[in-house]
Amino acid sequence: MKIKQNIKTYFTSLFAAVLVVSCNVPDDNTDVIHFVPGEVENPVTITQVIIKDPNFSTLEKLMRRIEKAATTPAGRILSNLNLPGNTTVFAPTDAAFDAFITANKITNIDNLPIATITNLVYNHLLTGKFLATDFTTGFISTQATRDAGTNLVNLSMYVNTASGVQLNGVSKVVSSNVSVNNGVIHTVDAVINVPTVKDLIALNPNTSRFSGAVTHADTGLATPVVGDALANTSNSVTAFVPTNAAIASLLLELDPTGATTTMQGLPSTQVANIVKINIVSTASSTVAISSKFFAARTNTKLQTLLSGTAGQVNFNGTTKKIVDPRLRTANITPLDIQGSNGVVHTVDKAMLPVLLAPVVVP
């Protein structure tokens, strides 16, 4: 089968695109059948470009596996990326996947669970057509998701445009703006990991001081309890993260002399307690508190990573406030930055524990 170069209408090209997929993914074949690049001379859809370019063979293989495992039309990724619409794809090269496999000590990427592969691939897709010049620094939503039904949310990605387009701090657009009928493809030099809450806190410049506090907190512990809690995908985490300005205010509150200017200047065990009381962690079956659930949590006691009543805060979703055990009040900015294991919001005051290790400036 060969797609003719003299395609005259979009619907003719769409019909050809469907043939490309259907002829190369037989329903009764459990193995990947690699497409011969030369058979697509004039790609007009995202699917055709990925199939034609030999540098995207690993991405193609993973998409074929997702396509075959789909139980509904919505999950047929190759078929859907042949249809009219607007999708932006950050396409990792085979070299990028090889590096990803090595770095993560993956013996065989084909043995990864289909759910893992699905979220990994969809983490490279955006709804809408975005050229490189359309991006600005900040968080955007990908097509990767967490939870299900009415709790379904799209995961976040941090874009940094200070020097080109960098994604989640690990991947950079190296070739941009391959425009097709149903979107645009940007080639990236690294696979974009599905971010955890810990990753997202570190990526946000406005919460960098809290991220440093997490690292410092774990230095005095036998195991990195705090960091692990923020990265643990078996739990559901809601992080009320103090902004950099809130951390600066906290340090002055703890040391009015102004001599302590960083969280690293405090004992690590003390910092661990401060970090823990700003993190709510529950079983994975309990959804993280995105802003759409705020009103349902008015005047609710939330248990943080600190155990017992000393680790409880009072949450008022209607007024968007939290009161800590010392009766200090923080205002919440509901950012809804979504990770694979929960959500990040920011607060203008760091919560403090009581009755546990006292806050003492060394």
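Residue by residue through the stretch 311-327, note down the ones that are loosely packed, with under 15 Cβ neighbours inside 10 Å and either touching a Lys or Arg at 6+ places or on another chain (Cβ under 8 Å) or under 24 Å from Q270 (Cβ atoms) (or both). Before the answer, list the steps.
Residues of the stretch 311-327 loosely packed, with under 15 Cβ neighbours inside 10 Å: 318-319, 326-327.
Passing the criteria: R326, L327.
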(request) For T318, indicate whether it is in a loop (DSSP other than H, G, I, E, B) and among the β-branched types (V, I, T). (result) yes
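Every residue, every condition in (1) charged (D, E, K, R); (2) open to solvent by 50 Å² or more (accessible area, probe 1.4 Å); (3) at pLDDT 95 or above, yes or no:
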residue	(1), (2), (3)
Q270	no, no, no
N273	no, no, no
N331	no, yes, yes
V347	no, no, yes
L356	no, yes, no
P362	no, yes, no
(message) Quick test for you: out of T257, T298, T238, pick the one residue that is out of contact with any Pro (no Cβ under 9 Å at 6 or more places or on another chain) and closer than 29 Å to I192 by Cβ.
(response) T238
(request) Could you please tell me which pairs satisfy a Cβ distance under 6 Å, a separation of 6+ or placement on different chains, a first residue in the stretch 226-255 that is among the acidic types (D, E), and a second residue that is surrounded by 21 or more Cβ atoms within 10 Å (Cβ to Cβ)? (result) none
(request) Only one of these is more than 22 Å from N182 (Cβ to Cβ) and in contact (Cβ under 8 Å) with a residue 60 or more places away in the chain: F90, F139. Name it. (result) F139
(request) Select from the stretch 109-145 the residues that are hydrophobic (A, V, I, L, M, F, W, C), open to solvent by 20 Å² or more (accessible area, probe 1.4 Å) and in a helix (DSSP H, G or I) and write down the one among them that is nearest to L203 (Cα to Cα). (result) A132
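What residue, of T233, T238, is surrounded by 15 or more Cβ atoms within 10 Å (Cβ to Cβ), of a type in the set (S, T, Y), within 26 Å of the chain's Cα centre (by Cα) and part of a loop (DSSP other than H, G, I, E, B)? Explain how you work it out, then say what you get.
Numbers: T238 fails: part of a loop (DSSP other than H, G, I, E, B).
Within the list T233, T238, the selection yields T233.
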(message) Here's a check for you: in the stretch 146-156, which residue that is of a type outside the set (K, R) and open to solvent by less than 50 Å² (accessible area, probe 1.4 Å) is farthest from V89 (Cα to Cα)?
(response) N151
(request) Inspect the stretch 286-308 for any residue being outside any strand (DSSP E or B), touching a helix residue (DSSP H, G or I) at 6+ places or on another chain (Cβ under 8 Å) and either free of Cβ contacts under 8 Å to residues at least 24 places away in the same chain or under 21 Å from A217 (Cα atoms) (or both) and give the result as yes or no. (result) yes
(request) List every residue pair whose Cβ atoms lie under 8 Å apart, where the two residues are 6 or more positions apart in sequence or sit on different chains, the first residue falls within the stretch 321-347 and is assigned to a strand (DSSP E or B), and the second residue, located anywhere, is surrounded by fewer than 20 Cβ atoms within 10 Å (Cβ to Cβ) and of a type in the set (F, W, Y). (result) P334/F294; L335/F139; I337/F139
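The values are calculated or read from the model by the stated rules, or taken from the named source; none is laboratory data. This structure is a prediction, so every number in the text was calculated from the model and none was measured. Counting neighbours? That spans all protein chains shown, and the Cβs are built from the backbone with ideal geometry, glycine included. Side chains included, ligands, DNA and RNA excluded: accessible areas come from the protein's heavy atoms. Shrake-Rupley method; radii C 1.70, N 1.55, O 1.52, S 1.80 Å.
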